[in-house]
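A short worksheet on the structure shown next.
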Amino acid sequence: MSQSEPTRIPFGERLRAHLAIARLDHSIKNLFVLPGVIVPLSVDPSLFNLHLVKTLVLAFVSITLVACSNYVINEVLDAPFDRLHPIKKNRPAARGLVSIPAAYIQWLLMMIAGVAIGLTISKMFALMALILWIMGCIYNFPPIRSKDVPYLDVLTESINNPLRMLLGWYAVTSVLIPPVSLLIAYWMIGCYFMALKRFSELSELHKSGDHALAGSYRASFKRYTPESLLVSVVFYASTAMLFLGAFIIRYRIELILGFPFVAFTMAIYLKLSFKPESAVQNPEKLYREPLLMASFATTVIVMGLLLFIRMPRLEQFFGPTLPPSTAPAPTSSKRQSPSLPTVHLVEIEHA
């Protein structure tokens, strides 16, 4: 059905189309907020109270509205390109079921509502919500439209990961800046997932034998190759683990015990990207992959528990040591127990 025949679309069908382009089923991605909630709570468990629970409910509503606003504009602006895709051509906007003027109003109203709710939490939370929305504009709107630029598309889309973490952080406390190493690691892990999504999409389109179709559907595919995407995946994974290691050594050495679970989950995700019609192309459907879900759940539980467990001997085990013959003589008869590195938080007044 073309957009030139709007009067033939029943109101109920159009309403369902406008609900569909908000992609509420993608709200599962809001789970990326959780590390931003859990890490500050591991530093100061007293932050957890009934008021925080109410705040987190409002925070998730705010984040969902802003994210859905970005999905609405993505669907509208991508409609001409989605019609070239064998599966995405069935999206409501691509089928002409969406009123474009109404979609723009929907896009703005959802953003305004999301940021307004964010202001009831704190100014910093509302600012992060607004930046999340702005990044959606940069990703979708020309002349920048970063989704059409190779590598920049992955980097700008994945910046939503640390932004979601900051949203979780500012929902919990008025800490000015969380550990930068953790934010960069979270960003690069997002890039790892997004690059594998691109790799899976491009490989699927290349299997059809029409390489020109891939470039017509997504401009960045004109310069990407499956090989170049896999090389970038290695870069993103390496960088993510470098900064995750920096965070672990500096702030919470116990998390090093959870690293095998992180690596195993990433390996499963990599393997899935090679499957035909992989769920990697549609992350909201990853729940259909039982091994991945089991590994992911185990990783979350293990890492979450390790944030609240102290093992002083681990620091001694992983710290640098000197041979007995070269070790400096003790300056006093009392041996001090090694102190764990702690997160030094700079507090500001809650807005």
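Say we look at region 275-301 and pick out the residues that are loosely packed, with under 13 Cβ neighbours inside 10 Å and under 23 Å from E157 (Cβ atoms); which of these is nearest to the chain's Cα centre (by Cα)?
First, pick out the residues of region 275-301 that are loosely packed, with under 13 Cβ neighbours inside 10 Å: 276-277, 287-288, 290-291, 294, 297, 301.
If we keep only those that are under 23 Å from E157 (Cβ atoms) as well, we get 277, 287-288.
Details: E277: 22, Y287: 16, R288: 19 Å.
Filtering region 275-301 for residues that are loosely packed, with under 13 Cβ neighbours inside 10 Å and under 23 Å from E157 (Cβ atoms), the one nearest to the chain's Cα centre (by Cα) comes out as Y287.
Scanning region 234-267 for residues that are over 22 Å from L155 (Cα atoms), surrounded by fewer than 17 Cβ atoms within 10 Å (Cβ to Cβ) and either touching a residue at least 24 places away in the same chain (Cβ under 8 Å) or among the basic types (K, R) (or both) returns I249, R250, L257, F264.
When you go through L119, L109, L97, L77 one by one, which is the residue that is closer than 23 Å to T173 by Cα, in the same structural domain as H26 (by TED's automatic domain parsing) and of a type in the set (A, V, I, L, M)? Quick ask: steps written out before the conclusion?
Working: L109 fails: closer than 23 Å to T173 by Cα; L97 fails: closer than 23 Å to T173 by Cα; L77 fails: closer than 23 Å to T173 by Cα.
Every option except L119 fails the conditions.
Could we say that V262 is closer than 20 Å to S42 by Cα and at pLDDT 95 or above here? Answer is yes for this residue. Taking I138 as the residue in question, decide whether it is modelled with pLDDT of 95 or more, outside the structural domain of K197 (by TED's automatic domain parsing), out of contact with any helix residue (DSSP H, G or I) (no Cβ under 9 Å at 6 or more places or on another chain) and surrounded by fewer than 20 Cβ atoms within 10 Å (Cβ to Cβ). Against the criterion (modelled with pLDDT of 95 or more, outside the structural domain of K197 (by TED's automatic domain parsing), out of contact with any helix residue (DSSP H, G or I) (no Cβ under 9 Å at 6 or more places or on another chain) and surrounded by fewer than 20 Cβ atoms within 10 Å (Cβ to Cβ)), I138 does not qualify.
The values are calculated or read from the model by the stated rules, or taken from the named source; none is laboratory data. Since the model is a prediction, treat every value here as computed from it, not as a measurement. Note that we place each Cβ from the backbone using ideal geometry, even for glycine, and neighbour counts take in every protein chain shown.
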